[in-house]
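Worksheet for the structure shown next.
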Amino acid sequence: MKINFKITTLLLLFMVSAISCEKKEEVEKQVNEETLTLKSAFSDDFFVGSAVNDNHINGKDTLALQLIGKEFNTLTPENIMKWMNIHPEENTFNYNMSDQYVALGEKNTMHIVGHTLVWHSQLAPYINTISDSATMAENLKSHINTIVGKYKGRIHSWDVVNEALNEDGTLRESIFLKVMGKDYINYAFQLAALADPAAELNYNDYNLWKPEKRAGVVQLVKDLQAKGTKIDGVGMQAHWSLEGPSLEDIENSIIAYSDLGVKVMFTELDITVLPNPWDLNGAAVEQSYEQFEGDPKMNPYPNTLPDSIQNKLAKRYEDIFNLFLKHKDKISRVTFWGVHDGQSWLNDWPIKGRTNHPLLFDRKLNPKKAYQQIIELKKQN
Ligand code: 9MR
């Protein structure tokens, strides 16, 4: 009787502990799911990041800074490393902001991106006065050697050349092309590889889903590879809208770039929800958009985003992330162009002073439905 009682007690204890183990696992799973953030949800898939501005970097925007640390594991500087800011005169380099930027990334153990070394826009004025090839080459060398060298081993990935292509895939008539010919691209990549052999080196551009532009990128990468020049990735900027581009066009580009043996990155993701002057009958692209400033028709959601559009945005982000997950073996990074809607460049482009809602966090830094939907994708997988 006594023995039987002991066995029953032991059995009961065993069952209770088995049940409580199961319960514990369930609770742990629930807690994990509830506390998933972008970086933890996609940690097995790709880096998830954001572009950061001056107020994030200098620590003034403390709330956004907390969000950045919690949600993202990679950063890109939105403006502070562009040529006119970091190297405004031939012999002047401004490292004040870039030092703080790199320190911010290091404090949070992040994948740190440098944006951007060679770009026709936001250039220092002295570059536009150069008219001979040897001087331009010298200046490229000084710019790339100095900056990449300074952050050797600390900036992990560089947008070496930005937006060198026209929409039809031909080379853009930038000051670099005009003065040096097309070899400036190869030269820039070679210089970056010499200055930091371990850094990831990328070509970055917008509208890379377009078949003609895609062909231009494929040619550009093949040309570099044929010369034995190091190129590690193609950055698709991803300034998209609710309607386009199609998932098919995006997917075709992911596959085309990956087939070249390079990584694919989505480097500047945002989804505009506002009407575009390009869609208006008779609005030519070259036209000034000042005529639309203050026009309520062009700024339909100045306060909150209606549920119908919020849902559309969430569905669009869900579809896009589903595609990213399908090709996670090819995609190494997804970076949003801004932390929250209130500081997106799309509030001022292509028309100034509008209220756009293109990101995952609203103006109060609350996660939007699109955020929940993306996280939900990972809970299901
Ligand atoms: O978001 C940036 C905005 O604050 C600047 O005014 C603008 C100036 O050119 O550049 C924006 O960032 C661009 C990025 O550096 C390259 N790809 C296109 C981005 C949006 O214009």
Worksheet item: So, in the range 54-69, of the ones that are crowded, with 18+ Cβ neighbours inside 10 Å and under 19 Å from Asp341 (Cβ atoms), which residue ends up nearest to the ligand (Cβ to nearest atom)?
Response: His56
Item to complete: Within the range 76-110, track down each residue that is free of Cβ contacts under 8 Å to residues at least 60 places away in the same chain, under 17 Å from the mean Cα position of the chain (by Cα) and within 16 Å of the ligand (Cβ to nearest atom).
Response: Pro77, Asn79, Ile80, Lys82, Tyr101
Worksheet entry | Scan of the range 157-201 for residues that are farther than 16 Å from Ile127 by Cβ and polar (S, T, N, Q), ordered by number | Ser157, Asn166, Thr170, Asn186, Gln190
Discussion item. Residue under question is Ile309, and the condition is that it be farther than 22 Å from Met110 by Cβ and in a loop (DSSP other than H, G, I, E, B); does it hold?
Written reply: no
Fill in: Neighbours by Cβ (under 6 Å, 6+ apart or cross-chain): first from the range 48-59, over 11 Å from Thr74 (Cβ atoms); second part of a loop (DSSP other than H, G, I, E, B) and within 12 Å of the ligand (Cβ to nearest atom)
Asn53/Glu78
Worksheet entry | One residue from Leu323, Leu346 being more than 16 Å from the ligand (Cβ to nearest atom) and either in contact (Cβ under 8 Å) with a residue 60 or more places away in the chain or part of a strand (DSSP E or B) (or both) | Leu323
Discussion item. List the residue pairs whose Cβ atoms are under 6 Å apart, where the first residue sits in the range 288-313 and is under 16 Å from Asn276 (Cβ atoms), the second is part of a helix (DSSP H, G or I) and at pLDDT 95 or above, and the two are 6 or more positions apart or on different chains.
Written reply: Leu313/Ala370
Response to the item:
Among (1) within 16 Å of the ligand (Cβ to nearest atom); (2) within 20 Å of the chain's Cα centre (by Cα), Phe72 falls short only on (1)
Worksheet entry | Matching residues, the range 122-146, being more than 12 Å from Met180 (Cβ to Cβ) and within 16 Å of the ligand (Cβ to nearest atom) | Gln122, Leu123, Ala124, Pro125, Asn128
Discussion item. With the requirement that a residue be crowded, with 20+ Cβ neighbours inside 10 Å, out of contact with any Ser or Thr (no Cβ under 6 Å at 6 or more places or on another chain) and touching a residue at least 40 places away in the same chain (Cβ under 8 Å), what does the range 208-229 give you?
Written reply: Lys213, Gly216, Val217, Leu220, Val221
Fill in: Flag for Glu163 being surrounded by 15 or more Cβ atoms within 10 Å (Cβ to Cβ), of a type in the set (Asp, Glu) and within 16 Å of the ligand (Cβ to nearest atom)
yes
Worksheet item: surrounded by 13 or more Cβ atoms within 10 Å (Cβ to Cβ), modelled with pLDDT of 95 or more and acidic (Asp, Glu), is that true of Asp259?
Response: no
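So that you can scan it fast, the table gives a plain yes or no per residue for (1) within 16 Å of the ligand (Cβ to nearest atom); (2) touching a Leu at 6+ places or on another chain (Cβ under 7 Å); (3) of a type outside the set (A, V, I, L, M):
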| residue | (1), (2), (3) |
| --- | --- |
| Val179 | no, no, no |
| Phe189 | no, yes, yes |
| Ala195 | no, no, no |
| Ala198 | no, no, no |
| Asn204 | yes, no, yes |
| Asn207 | yes, no, yes |
| Arg214 | no, yes, yes |
| Gln219 | no, no, yes |
| Thr229 | no, no, yes |
Worksheet entry | Residue under evaluation Trp240, criteria (1) away from the ligand (no atom under 16 Å from the Cβ); (2) in contact with a strand residue (DSSP E or B) (Cβ under 8 Å, 6 or more places away or on another chain), criterion not met | (1)
Worksheet entry | One residue from Val113, Val118 being surrounded by 15 or more Cβ atoms within 10 Å (Cβ to Cβ), within 16 Å of the ligand (Cβ to nearest atom) and closer than 14 Å to Met180 by Cβ | Val118
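The values are calculated or read from the model by the stated rules, or taken from the named source; none is laboratory data. Every value quoted in this text rests on a predicted model; they were computed, and no experiment measured them. Methodologically, a virtual Cβ is constructed for each residue, glycine included, from the backbone with ideal geometry; neighbour enumeration extends over all protein chains shown.
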